[in-house]
Amino acid sequence: MPDVPPSNTADRLVACWPAARPFVVIGAACIVAGGIVAALSRPTDFDLGPWLAAFLVLVGGVAQVALGGGQAWLAMRPPTHRRIAIEVATWNVGLAVTIVGSLAAVPVVTTLGGIAVLCALALFLDSVGRTGSTSRSAIARKLYTAVTAIVLVSTPIGLALAWIRHG
């Protein structure tokens, strides 16, 4: 991918879009799915519905959009198509495995999903760190770091809760 033009914000957004698109599209779908799960949880007495809705919205949606979009925005040179495909697959397989493990009450499976999410997080951090950043991105970098830290801290907490509940 070409270097991202640092001078014009509109040009920069257009140039960043291909690197952010899969994360934004899948993240938006997760947010909609989370809303549907939330709406159906109470009428169907789906006990894990509130957890699943929150997980889909916050981790599948908000975090994915923030990490994938932030990576595209912060990098001087967005990651390759191959790198993006690996990140998208690792993140979303991790989410799917986490969901399956949680719904099936099998904490070992949930843990495997959490490990995949942490691997994807490492890929995001490596990609942003390796490619440098724009000089105008101090606030964006702080937000990116905050989202990363939240996911990094919440993953082992969630895994501990899965083991306590089902282990």
Below 8 Å between Cα atoms, with a sequence gap of 6+, how large is the relative contact order for the chain in percent? 24 percent
Quick check on the chain: take the gyration tensor over C-alpha atoms, sort the square-rooted eigenvalues as a ≥ b ≥ c, and tell me if it's rounded (a/c under 1.5), prolate or oblate. prolate
Any idea what angle helix 64-74 forms with the longest principal axis of the chain, computed on alpha-carbon atoms, 0 to 90 degrees, nearest 10? 10 degrees
Where does helix 81-103 land angle-wise versus the long Cα axis of the chain, in degrees 0 to 90, nearest 10? 20 degrees
I need the peptides 150-161, 43-54 ranked by packing, meaning the mean over residues of other C-beta atoms within 10 angstrom, with the highest value on top. 150-161, 43-54
For the range 85-167, which trypsin sites (Lys or Arg not before Pro) pass both filters: DSSP loop (anything but H, G, I, E, B) and at most 14 other C-beta atoms within 10 Å? 136
Rounded to the nearest 10 degrees, the helix 107-130 long axis (Cα) sits at an angle to the longest Cα principal axis of the chain of 10 degrees
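Readers should treat all values here as calculations from the given coordinates under stated rules, not as data from a laboratory. Nothing here was measured: the structure is a model prediction, and the numbers come from that model. Heads up, the Cβs are rebuilt from the backbone with ideal geometry, glycines too, and the neighbour counts pull from every protein chain shown.
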